[in-house]
Structures are given as C-alpha cells and as structure tokens.
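J.: First the structure, which I've put down as structure tokens, then a few questions once you've had a look.
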Amino acid sequence: MEVRPARPEDYDAVAEFTRDTWSDRGGSDYIHDIYHQWIEPGEAEQATLLVDMGAETPSDDVAAIAQMVMLSEYEAWAQGMRVAPDYREQGIATQLTHALFDWAREQGARRVRNMIFSWNVPSLANSRHVGFDPGMEFRWATPEPDADADPALEVTADADAAWALWTGSEMRTALSGLALDPTESWAVSELTRSKLHDAAADDRLFVVADDRVTGFTYRNRTYSRELEDDGEVTWAEYAVAAWDDTDACRALVDAIRRDAASVGADRTRVLIPEGVEWVSDVSVARCDVAEQPTFVMEADLS
C-alpha cells in the first residue's frame with residue numbers, strides 16, 4: 001500500500017468509487033466533477049493524496065482519496081475523504097488522514113478542520129477515529145432575495161464596529177470564532193478584522209444599529225450552479241450573521257434579502273450558530289432554515 005499524490009491518470013479509478021457516494025440520499029458526489037481542479041496547482045497550497053494498493057496497473061486499484069488545503073498560515077482544511085467500499089474498515093482512512101496531517105504540519109498548520117453533515121453518522125465516527133475532535137455546529141439560514149426588503153434599523157459598513165460586536169458576542173463563542181472561508185468553498189476559517197475591512201471596502205458588509213451596533217453580516221461570494229430541475233441557479237453566500245436581539249436579526253435578514261436581490265441571486269445561504277435562541281430568532285424574521293445542523297470537527301497539530 002502506498003500513499004501518494006493523485007495523478008490525472010487516476011481519474012477513472014477515483015470516479016468509479018465516488019460517483020454514487022450519496023445515491024442512497026438522492027444526491028451525487030462532487031469528486032468526479034472537480035477532480036482535475038483538485039490536482040492542478042492553484043493559489044492555495046493543497047495536497048490531494050490517494051491510497052494505491054499496489055496493483056500491476058496502480059490507477060486501477062485506488063482505495064481512497066482525500067484533500068488538505070491551507071486556508072491561512074496556521075489553519076488547514078480537510079475534505080473529500082472517500083474510501084472504496086471494498087477497502088473500508090481496514091485502517092486506510094487513518095493512514096491517509098495522518099499523511100495529510102504530516103503534510104499540513106510541514107506547511108505550518110497548527111489546526112485542521114473538516115465539515116460533516118449531522119446526519120452522516122459513519123463519517124462522524126470515522127472523523128473521531130482518525131484524530132478529529134468535536135468542534136462547533138452551525139445551521140444554514142436561507143432568506144429569499146427581495147429587492148423591496150427594508151431593514152427597520154440603520155445599515156452601515158462600519159468594520160470596526162462589527163469587529164467590536166463579534167469579539168464580545170456569545171455567537172462568536174458558539175462558533176469558535178469561525179465563519180465561511182473567503183476562498184475555499186464549503187470551508188470555515190477564523191474570522192479576522194481584516195476580512196471585515198475587506199468586505200466593507202467591497203460594499204459587502206452590513207452592520208445594523210439602533211442606539212448602538214446590534215448585528216452584522218457580510219456577503220462572502222456569489223456562485224452559480226446548473227441544477228437538473230431548475231436550470232442555472234445563483235446563490236449569494238453570507239459568511240456569518242451575528243446579532244444581539246430579535247429586532248437586529250429581523251433587520252439583518254432584510255438587509256440580506258435586499259443585497260441578494262441586488263446581485264441577481266436566486267437563493268441565499270447564511271451561516272448562523274446552532275442554538276434554539278438563534279434559530280428561533282431567524283424563524284421570527286420569517287426566514288427558512290436548514291432542517292438539520294452541520295458539524296465542524298478539528299484536530300490540534302501543534
């Protein structure tokens with residue numbers, strides 16, 4: 001058995017055992033769609049490794065694949081762990097994960113995280129087994145874009161005020177200081193003051209205030225996907241939303257609705273911490289939320 005970098009000629013073998021990963025839930029895997037992007041040099045430091053079982057034609061006997069990406073000087077992100085059905089429960093995921101941990105340490109990472117849907121019990125068990133500990137949990141809020149939405153509170157782009165609210169917020173504590181990463185999709189990294197200033201400079205930061213600042217959010221990115229039943233759909237993604245009270249939550253939701261419409265989005269997704277108070281605040285604002293939370297796991301590499 002050899003852990004080695006993935007190569008272009010491994011595509012067919014990887015696609016063979018990943019294409020139907022989520023078929024039992026009515027979905028499909030993404031690995032075969034982005035495989036060649038994963039192995040091309042990019043802006044971020046990344047390693048895509050696979051386990052080769054040493055067959056005469058190695059690319060015909062790939063047992064597992066996973067990727068590690070550096071999100072900052074000290075944060076790494078693990079994703080796409082897949083093990084072929086014939087090779088599960090043989091310790092392969094552990095060996096592959098530890099090889100990626102070693103790579104991340106060499107790049108300077110001190111913390112590595114991953115994301116797992118809360119319903120995915122096998123992946124949760126595997127993540128704990130290979131060395132990850134429980135991190136934080138969040139839920140997606142999904143306000144409908146609406147060009148006529150009118151926030152009841154003043155909306156500014158004061159990055160320092162947003163940072164002051166964030167540093168003292170219970171929501172920050174619940175999220176371990178994390179928000180959606182600005183470059184890697186479906187990843188979270190530490191929210192920094194500079195990220196808020198970047199958002200303000202690009203007119204993507206929305207801070208609500210009455211007598212004082214009571215909430216903020218910022219648009220992380222927009223992206224489009226071709227959906228089988230709906231054609232091309234555009235999402236506006238908001239890295240995190242934090243607020244002090246229900247009125248602030250309502251104002252933030254309206255600010256998101258208006259902003260999403262202004263960028264031509266058909267749908268939105270907003271990261272909020274899991275918790276009955278915060279999820280019910282969003283529901284009071286007449287905003288839909290995901291049916292289940294999503295978990296973030298983490299491992300200390302220091």
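J.: Which angle from 0 to 90°, rounded to the nearest 10, does the C-alpha axis of helix 246-262 make with the longest principal axis of the chain?
T.: 70
J.: Looking at region 54-191, what % of its DSSP beta bridges pair antiparallel, to the nearest 5?
T.: Percentage antiparallel, nearest 5: 75.
J.: Is there a quick way to get the dipole size of the chain? I mean about its Cα centre, with the Cβ of Lys and Arg at +1 and of Asp and Glu at -1; what is the value in debye to the nearest 20?
T.: Here the size comes out at about 640 debye.
J.: Here is a follow-up. How much accessible area per residue does region 213-302 have, counting only protein heavy atoms and a probe of 1.4 Å, in square angstrom?
T.: On a per-residue basis, 43 Å².
J.: Relative contact order (percent) for region 98-254, with alpha-carbon contacts under 8 angstrom and 6 or more residues of separation?
T.: Averaging sequence separation for qualifying contacts and normalising by length gives 22 percent for region 98-254.
J.: Using the Cβ atoms and a cut-off under 13 Å, what net charge is assigned to the surroundings of Ala99, where Lys and Arg are +1 and Asp and Glu are -1?
T.: After counting each charged neighbour, the total is -2.
J.: Would you pull out the residues with amide H under 5 Å of Ala64's amide H, same chain only if 5 or more places away, H placed 1.01 Å from N?
T.: Correct list: Val51, Ala84.
J.: Return the calculated 222 nm mean residue ellipticity for the chain, to the nearest 500 deg cm²/dmol, obtained by summing -39500 (n - 2.57) across DSSP H runs with n ≥ 4 and dividing by the residue count.
T.: After summing the helix terms and dividing by the residues of the chain, the value is -9000 deg cm²/dmol.
J.: Between Arg212 and Ile34, what's the calculated FRET efficiency when r is the beta-carbon distance and R0 is 51 Å? Round to 0.05.
T.: Calculated transfer efficiency: 0.70.
J.: Could you work out how far apart the two model spin labels at Gln292 and Ser262 are, taking each label as a point 7 Å from the Cα in the direction of the beta carbon, and quote it in nm?
T.: Label-label distance for Gln292 and Ser262, simple model: 3.6 nm.
J.: Which one, [x] 20.5; [y] 22.2; [z] 21.1, gives Kirkwood radius over Cα pairs in Å as derived from the coordinates shown?
T.: Evaluating Kirkwood radius over Cα pairs in Å on these atoms matches [x].
J.: In addition: Given Cβ point charges of +1 (Lys, Arg) and -1 (Asp, Glu) and nothing else, what value in debye, to the nearest 20, does the dipole of region 244-301 about its Cα centre take?
T.: 400
J.: Where does helix 92-107 land angle-wise versus the long Cα axis of the chain, in degrees 0 to 90, nearest 10?
T.: 60
J.: Follow-up. Give a quick list of trypsin sites (Lys or Arg not before Pro) in region 208-273 that DSSP marks as loop, anything other than H, G, I, E or B, with at most 10 other Cβ atoms within 10 Å.
T.: Sites meeting the loop and neighbour criteria: Arg212.
J.: Using Cα pairs closer than 8 Å and at least 6 residues apart in sequence, work out the relative contact order for region 173-262, in percent.
T.: 23
J.: While we're here: Round to a whole number: what % of the accessible area of the chain belongs to carbon and sulfur, probe 1.4 Å?
T.: 43
J.: Name the longest site-free stretch of the chain, where the excluded sites are GluC sites (Glu not before Pro) in a DSSP loop with no more than 15 other beta-carbon atoms within 10 Å.
T.: 90-227
J.: Given a cut-off of under 8 Å on Cα pairs at least six residues apart, what relative contact order in percent is computed for the chain?
T.: 20
J.: Report the local net charge at Glu170: Lys and Arg +1, Asp and Glu -1, summed over other residues whose C-beta lies under 13 Å from its C-beta.
T.: Taking every Cβ under 13 Å from that of Glu170, the sum is -4.
J.: Rounded, prolate or oblate: which fits region 192-302, taking a ≥ b ≥ c as square roots of the Cα gyration tensor eigenvalues, rounded meaning a/c under 1.5, else prolate when a/b beats b/c?
T.: It comes out rounded by the Cα gyration axes.
J.: Turning to a different aspect of this structure: Given the options Trp103, Ile65, Ile116, identify the residue whose Cα lies farthest towards the positive end of the charge dipole of region 45-133 (+1 on Cβ of Lys, Arg; -1 on Cβ of Asp, Glu).
T.: The listed residue farthest towards the positive side: Ile116.
The values are calculated or read from the model by the stated rules, or taken from the named source; none is laboratory data. Quick caveat: nothing in here was measured; it's all calculated off a predicted structure. Backbone-built Cβ (ideal geometry, glycine too); neighbour counts: all protein chains shown. Each accessible area value is taken on the protein alone, full model and side chains, heavy atoms only, with ligands, DNA and RNA left out. Shrake-Rupley method; radii C 1.70, N 1.55, O 1.52, S 1.80 Å.
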